[in-house]
Amino acid sequence: MAELSPVLKQATPVLAARGDGVHLYDEDERRYLDFTAGIGVTSTGHCHPRVVEAAQQQVGTLIHGQYTTVMHRPLLQLTERLGEVLPAGLDRLFYVNSGSEAVEASVRLARQATGRQNIVAFHGGFHGRTMGAGALTTSGVKTRAGIGPMMPGVVFSPFPEAYRHGCSEAEAVRFALTELDHVLATASAPADTAAFIVEPVLGEGGYIPAPPEFLAGLRERADRHGALLIVDEVQTGVGRTGRFWGIDHAGVRPDVVLTAKGLASGFPLSAMAASDELMARAWPGSQGGTYGGNAVAAAAAVATLDVVHEEGLVANAAEQGDRLAEGLRKVAAEHPVIGDVRGRGLMVGNEFTTGDGKPDTAGAARAQQAAAERGLLLLTCGPHANVVRMIPPLVVTTEQVDDAVSIWAEAV
Ligand code: PLP
């Protein structure tokens, strides 16, 4: 009998049978509060009726069109709708299926558009598991073990991590930008640097929001050196942080925006947005993918954007995110093992540290397990998997946030 590969590392022993809103049910109808949202994907909750209806309707009409052969209405509608929410000027869209593929697309675009090779990425960043996106990734201590050599032309610079460096946010930003200038003077001269790629909130690396001054510093250096600023909004986009895009908190203009995860409420879909002028510098046919911009996924994404807008989910993410963080800080105040609670909107992390300030991976795993036993599903992140993160669907209610905090208090 065939079995699943042990490479599939499952965080909890739950066999999910169905989902409804913020809840998952196992085959015995045991109910779980799902504060993982399928790693930040089920933005409108599990099986939102509007998304289900749009997908079912599309399945019966046209499942697959293939944009290099024929165009279809759902993708045109989605493009129009994304144009309404994207930063001004980013009105050309390209679609694939996953975050990693969108990252790959942005590397191709940046290299073609600038004629330069290097991409500067930041320590602790996660951009995917394909060999190109993986080359930009350093979120976990084991991320690359036994996998290299990776794509060449990647240079790393520090991300501002105030808590871990035991300094103020302003000091962390100063340090990170000084190091970046050093990188640009040594490892990746401006004439070789095609782009900076950054997450508005370091996701898999431990839920660390990028200070606005850091993002502004990247914009200023991108302009000065003729490099592009690629913002990886795969985890932070579509309202997750309490603004439509994570970069909106900084008021900084990106050259390229990447989105996936929450975009289609669970259907595989990702997009890269850039200006007309930038996209025109890539040769036609240099980007593409058989399943990219699938009609059912695109219809689900249009319905997702409708729900996000009509149900006020961006504002809900801001409100419930504040409530969640406040509740978690009260729990942390009673348990010194949680050294830091931080995040933005509905991306909140609890960093576990031992008494002598070292990462407490086992403590985080035990708390995650204890929460699952009490009906609350959570994930970990961070370089040592010592941050327990909460990333519920954007439809989460006050009552559900309060329930999750009480379960968490017990579990910790
Ligand atoms: N970029 C970011 C910021 C992510 O968080 C992820 C996935 O967690 C990816 C890229 C890769 O996305 P995918 O797993 O869909 O390839």
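Whether any residue in segment 166-173 is farther than 26 Å from Val41 by Cβ and either surrounded by 18 or more Cβ atoms within 10 Å (Cβ to Cβ) or within 15 Å of the ligand (Cβ to nearest atom) (or both) is what I want to check. The answer is yes; a qualifying residue exists.
Of the residues that make up segment 244-256, is at least one of a type in the set (Val, Ile, Thr), buried (at least 24 other Cβ atoms within 10 Å of the Cβ), within 22 Å of Asp91 (Cα to Cα) and within 12 Å of the ligand (Cβ to nearest atom)? First the steps, then the outcome.
Keep residues of segment 244-256 that are of a type in the set (Val, Ile, Thr), which gives 247, 252, 256.
Adding the requirement that they be buried (at least 24 other Cβ atoms within 10 Å of the Cβ) leaves 247, 256.
Add one more test, that the residue is within 22 Å of Asp91 (Cα to Cα), and what stays is 247, 256.
Okay, now just the ones that are also within 12 Å of the ligand (Cβ to nearest atom), so none.
Checked against the condition, which is being of a type in the set (Val, Ile, Thr), buried (at least 24 other Cβ atoms within 10 Å of the Cβ), within 22 Å of Asp91 (Cα to Cα) and within 12 Å of the ligand (Cβ to nearest atom), segment 244-256 yields no hits at all.
Return yes when Ala16 is farther than 21 Å from Gly203 by Cα and without any contact (Cβ under 8 Å) to a residue 40 or more places away in the chain and no when it is not. Considered against the rule, which asks whether it is farther than 21 Å from Gly203 by Cα and without any contact (Cβ under 8 Å) to a residue 40 or more places away in the chain, Ala16 comes out as yes.
For Gly251, the conditions (1) of a type in the set (Gly, Ala, Ser); (2) in contact (Cβ under 8 Å) with a residue 40 or more places away in the chain; (3) out of contact with any strand residue (DSSP E or B) (no Cβ under 7 Å at 6 or more places or on another chain) are fulfilled apart from (2). Of all residues in segment 17-45, those satisfying the criterion of being more than 22 Å from Ser98 (Cα to Cα) and of a type in the set (A, V, I, L, M) are Ala17, Val22, Leu24, Leu33.
Screening Leu228 on (1) away from the ligand (no atom under 16 Å from the Cβ); (2) aliphatic (A, V, I, L, M); (3) within 22 Å of Leu62 (Cβ to Cβ) shows it passes everything except condition (3).
Summed over segment 26-40, residues that are surrounded by fewer than 17 Cβ atoms within 10 Å (Cβ to Cβ) and hydroxyl-bearing (Ser, Thr, Tyr) total 0.
If you go through segment 39-80 and keep only what is hydroxyl-bearing (Ser, Thr, Tyr) and either modelled with pLDDT of 95 or more or within 16 Å of the ligand (Cβ to nearest atom) (or both), you end up with Thr42, Ser43, Thr44, Thr61, Thr79.
Residues in segment 354-372 that are within 24 Å of the chain's Cα centre (by Cα) and surrounded by fewer than 20 Cβ atoms within 10 Å (Cβ to Cβ): 4 in all. Scanning segment 112-146 for residues that are among the hydroxyl-bearing types (Ser, Thr, Tyr) and in a helix (DSSP H, G or I) returns a single hit, Thr114. Among the numbered conditions (1) crowded, with 20+ Cβ neighbours inside 10 Å; (2) within 16 Å of the ligand (Cβ to nearest atom), the only one that Arg116 does not meet is (2). Among residues of segment 265-286 being within 16 Å of the ligand (Cβ to nearest atom) and not small (Gly, Ala, Ser), the one that is farthest from Val231 (Cα to Cα) is Phe267.
Within segment 302-340, the set of residues being outside any helix (DSSP H, G or I), within 24 Å of Ala264 (Cβ to Cβ) and in contact (Cβ under 8 Å) with a residue 24 or more places away in the chain comprises Glu311 only.
Looking only at residues of segment 131-142 that are surrounded by fewer than 17 Cβ atoms within 10 Å (Cβ to Cβ) and free of Cβ contacts under 8 Å to residues at least 60 places away in the same chain, we find that the one that is farthest from Leu8 (Cα to Cα) is Met131. Would you check which residues across segment 81-107 are over 12 Å from Gly293 (Cα atoms) and either basic (Lys, Arg) or away from the ligand (no atom under 16 Å from the Cβ) (or both) and list them? Residues satisfying the conditions are Arg81, Leu82, Gly83, Glu84, Val85, Leu86, Pro87, Ala88, Gly89, Leu90, Asp91, Arg92. For Gly237, the conditions (1) part of a loop (DSSP other than H, G, I, E, B); (2) touching a residue at least 60 places away in the same chain (Cβ under 8 Å) are fulfilled apart from (2).
The values are calculated or read from the model by the stated rules, or taken from the named source; none is laboratory data. The model shown is predicted, which means the values in this text are computed figures rather than measured ones. Cβ coordinates were reconstructed from backbone atoms using ideal geometry, including for glycine residues, and neighbour counts include every protein chain displayed.
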